[in-house]
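Input: a single structure, listed below in structure tokens.
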Amino acid sequence: MTQHSRDDLHSELTAFAGFLAGLPTFVRQRMTVPEALSIVRQRLDNRHTQLGAVFNRIFANPRSPYGALLRHVGCTQEDAQELVAREGVEGALSALRARGVYVSFEEFKGLQPIVRGSLSLTPSPADFDNPTAGRYYSTTTGGSTGAGRRVRLDLGHFAALLPARIVVRHVQGLTGIPAASWSDLPPGGGLKGVLLQAAAGEDATHWFTARLHGKDGAAWRFRLATTATLAVARLSGARVRSPQFLPFERAVELARWAAEQVARHGSCTIHASVSRILRIALAATEHGIDLRGTILRGGGEPPTDAKVAHIRASGATFHSSYAFSEVGTVGSSCLSPEECNDQHFMQDHLALVQAARRVPGFDLMVPAFCFTSLLPSAPKLLFNVESDDYGTISRRPCGCKWEQLGFPVHLTGIRSFRKLTGEGVTLVGSDMERILDTILPSRFGGSALDYQFVEEEDAQGFTRLVLRVAPHLAAIDEAAVAECVLESLERTGAAGALAQSAWRQAGTVRVRRETPTMTTRGKLLPLDIGARSARS
């Protein structure tokens with residue numbers, strides 16, 4: 001181990017020790033719904049002030065890439081404050097975006113340097129970290145392009161997220177009813193959800209995980225961190241449960257659990273990825289279990305019409321959600337939706353503008369989302385950072401509780417222009433390109449031009465990742481090709497291992513003898529986005 005690695009390990013252990021030391025105070029909060037509503041309303045009323053504080057933090061940090069971009073366009077701290085006062089939050093961000101003050105998706109992921117005229121920056125991932133975070137445990141993002149980025153899950157940020165979480169549950173009618181989560185150990189989101197539930201003073205979440213031990217289990221460091229965290233939480237008086245192993249093929253057990261809770265209490269809720277929610281609903285239908293009274297909540301992937309139709313056929317109510325690691329909840333399901341993925345934008349802690357960008361390799365422009373984090377506790381400081389998602393931003397009178405609370409902005413038609421999504425896990429980019437360009441050709445022959453992924457949805461609504469293999473490659477064992485992809489993913493790190501485990505259980509990866517498709521520019525992309533766009 002190098003000295004740099006030892007220093008990193010010491011820093012991580014010190015921060016995790018601080019996380020455990022601060023945990024008793026956090027889980028004893030018992031925040032009420034009126035308290036949470038008051039905090040959220042204050043944030044909505046003070047968005048200008050919150051953005052002004054963002055500028056203060058940027059200019060106070062000499063390492064901030066955003067500070068360098070602002071100085072490059074001649075924008076001082078005073079100029080920025082005046083711009084917010086004059087144009088408002090989104091108006092100021094749009095004006096700065098047009099002048100080049102933004103970070104593209106590829107730049108934020110470290111795939112290319114930030115270049116604006118004479119300015120050239122090569123920031124490290126740590127340059128986007130919140131320097132005030134001190135009590136955290138580290139996990140990784142889903143690895144949407146290449147290796148997942150480390151994200152610090154800080155106790156201070158947990159506390160800041162708590163009011164919005166309580167309000168979401170209040171609006172959706174979930175307060176006080178039995179709750180279950182089918183979400184994995186870190187880097188999955190199960191532990192975070194259990195701790196937030198405890199801090200809200202709710203009954204313990206029934207926690208199920210599809211990854212625990214064995215070949216496809218969570219890494220030892222995540223299992224150890226989970227065990228230590230739950231032990232400290234219990235000693236602090238929190239009602240928390242240990243995760244129970246529940247592989248995909250036993251989804252009917254959660255359907256039975258839901259039916260039992262409804263019989264006893266009148267209602268219940270389960271949170272999981274959209275595909276896991278679909279598995280529960282299909283299992284219920286197959287076994288004649290009526291899920292009326294059950295509220296199923298899914299995120300992590302787009303809830304298509306086919307998926308939602310199967311879910312609702314079980315009798316359950318379905319709510320979608322929109323979130324990502326760096327900022328938490330982005331959107332919460334409209335209660336009077338125009339489509340199955342109609343989200344109210346959580347503008348109490350985020351700002352959002354759009355900018356046109358070209359999809360790599362295609363003559364196609366999309367209105368990409370650019371996010372700014374307003375909470376001072378955010379683990380990653382985002383300022384006009386482009387995600388790989390796009391969609392429609394609108395204001396329409398829907399009459400639901402979110403609008404009444406002051407959340408009038410809707411996000412619809414949300415899609416990604418760069419990533420594969422299956423079973424709530426997203427992956428593509430440099431890791432997948434290495435598998436397609438190097439590993440598969442070296443083992444099975446051909447070249448990088450003979451392999452390509454495409455997303456498809458089967459008759460039950462499950463997303464399948466089809467690997468196209470050129471027909472001219474003779475005598476290939478298709479099962480061995482799929483297994484090679486999964487084994488290669490496992491070796492890329494925590495995010496790849498998470499994808500491998502979920503996709504192996506679900507049978508997500510399929511192989512088809514079919515010629516890969518070129519773009520209009522004659523390029524071969526690892527993911528045929530054109531096929532997905534044609535179906536949307």
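The values are calculated or read from the model by the stated rules, or taken from the named source; none is laboratory data. Nothing here was measured: the structure is a model prediction, and the numbers come from that model. Because the Cβ atoms are built from the backbone with ideal geometry, glycine has one as well, and the counts that use them run over all protein chains shown. Just so you know, the surface numbers come from the protein's heavy atoms only, side chains and all, with ligands and any DNA or RNA stripped out. Shrake-Rupley method; radii C 1.70, N 1.55, O 1.52, S 1.80 Å.
Given a Förster radius of 41 Å and the C-beta distance between HIS265 and ALA219 as r, what FRET efficiency does 1/(1 + (r/R0)^6) yield to the nearest 0.05? Please list the in-between numbers first.
Numbers: r = 36 Å, r/R0 = 0.88.
Plugging the Cβ-Cβ distance into 1/(1 + (r/R0)^6) gives 0.70.
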Computed over segment 288-373, protein heavy atoms only, probe 1.4 angstrom, the accessible area per residue in square angstrom equals 32
In nanometres, the difference between 0.36 nm per residue of separation and the alpha-carbon distance of ARG396 and ARG239 is 52.5 nm
For segment 277-343, the Debye formula with one identical point scatterer on each Cα and no solvent gives log10 I(q)/I(0) at q = 0.15, 0.21 Å⁻¹ as -0.47, -0.83
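Just how large is the dipole of segment 277-378 about the Cα centre, in debye to the nearest 20, putting +1 at every Lys and Arg Cβ and -1 at every Asp and Glu Cβ?
On the way: 7 positive and 10 negative charges, 27 e Å.
With Lys and Arg at +1 and Asp and Glu at -1, about 120 debye.
Could you calculate the FRET efficiency of ALA17 with ALA448 from 1/(1 + (r/R0)^6), where r is the beta carbon distance between them and R0 is 51 Å, rounded to 0.05? Walk me through the intermediate numbers first.
Numbers: r = 46 Å, r/R0 = 0.90.
FRET efficiency, ALA17 to ALA448: 0.65.
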Once THR76 and GLU457 are pulled to full extension, the length gained, defined as 0.36 nm per residue separation minus their Cα-Cα distance, is 132.2 nm
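Extension gain GLU478-GLU490, at 0.36 nm per residue separation less the Cα-Cα distance, in nm?
Working: separation 12, 0.36 × 12 = 4.32 nm, distance 1.89 nm.
Result for the pair: 2.4 nm of gain on full extension.
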Here FRET efficiency (C-beta to C-beta, THR517 to GLN404, R₀ 41 Å, nearest 0.05) is 0.30
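Considering only protein heavy atoms and a probe of 1.4 Å, how much of the accessible area of segment 452-514 is carbon and sulfur, as a whole percent? Walk me through the intermediate numbers first.
Numbers: 1100 of 2240 Å².
Ligands and nucleic acids excluded, carbon and sulfur give 49 percent.
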For ARG116 and MET365, extending 7 Å from Cα along the Cα-Cβ vector and measuring point to point gives, in nm, a value of 2.1
GLU35 and ALA323 label points (each 7 Å along its Cα→Cβ direction) are spaced in nm at 2.0
Rounded to a whole %, the carbon-and-sulfur portion of the accessible area of segment 21-143 at a 1.4 Å probe is 53
Whole-percent carbon and sulfur contribution to the accessible surface of segment 242-319 (1.4 Å, no ligands, DNA or RNA) stands at 49
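Sorted by packing (mean other beta-carbon atoms within 10 Å per residue), highest first, where do 257-268, 366-377 land?
On the way: 257-268: 17.0, 366-377: 20.9.
With the highest mean Cβ count within 10 Å placed first, the list reads 366-377, 257-268.
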